């Protein structure tokens, strides 16, 4: 009985890694949010704004393109199930086109730029390595224009922007621009895809 209690106490007190956080910007946050919500190991995704100096950040201000902020997503994930490097692959190969400068599809302006916001030196190195590898492999016909910059702050977007694709799957913008991304995720990364 004592051995069983000791074994139980060892199991219950073993530290579990804290959830890790990544922040990406890749055009309108609706589609990027939806892609990461379908990745196994992702615990939570929040649409928001990052990269600028305006405080607070809100859609009306950011949409002017004058705040320095980009529409972004904050991805909280379980690093025992999915790695930061895997999230980078999803970001570059599924969530957006990293060769489009200050735009994604129909959306234009610096608020739609491609950015990896790193919070640690490890994230910085991983992002730079991912870009170097994709460039060396000539995965894209045009150069990658993704910025890799330190994360200063992240401001959650308004409630009506959260979980937008799931709440508005028939909206024309979503059907044309974002639902294809989910199909691409399932095709390219079937082991990571969560229905």
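Readers should treat all values here as calculations from the given coordinates under stated rules, not as data from a laboratory. Nothing here was measured: the structure is a model prediction, and the numbers come from that model. Please note: Cβ atoms are built from the backbone with ideal geometry, for glycine as well, and neighbour counts cover all protein chains shown.
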| message | Compute the helix-to-body angle for 121-136: its Cα long axis versus the longest principal axis of the chain, expressed 0 to 90° and rounded to tens. | response | 60
| note | If the chain between residue 184 and residue 167 were fully extended at 0.36 nm per residue, the gain over the current Cα-Cα distance would be 4.1 nm
| Seen from all sides and averaged, what is the projected area of the convex hull of the Cα atoms in the range 53-166, in nm²? | 8.0
| task | Just order 125-131, 95-101 by mean Cβ neighbour count inside 10 Å, highest at the front, would you? | result | 95-101, 125-131
| remark: Descending packing, highest mean Cβ count within 10 Å first, for 184-194, 106-116, 134-144 is 106-116, 184-194, 134-144
| note | Between the Cα axis of helix 179-188 and the main Cα principal axis of the chain, the angle (0 to 90°, nearest 10) is 50
| field | Three principal axis lengths of the range 10-88 [C-alpha, angstrom, descending] | value | 54, 23, 17
| task | Please report, largest first and rounded to whole Å, the three semi-axes of the ellipsoid equivalent to the chain, where each semi-axis is the square root of five times an eigenvalue of the C-alpha gyration tensor. | result | 31, 19, 18
| remark: quick note, the chain, DSSP beta bridge pairs, % antiparallel (nearest 5) is 85
| Computed helical MRE - 222 nm, the chain, DSSP H runs ≥ 4 contributing -39500 (n - 2.57), nearest 500 | -9000 deg cm²/dmol
| message | Let me make sure I get this right: for the range 126-169, a, b and c are the square roots of the gyration tensor eigenvalues over alpha carbons, sorted descending. Under 1.5 in a/c it's rounded, otherwise prolate if a/b > b/c, else oblate. Which is it? | response | oblate
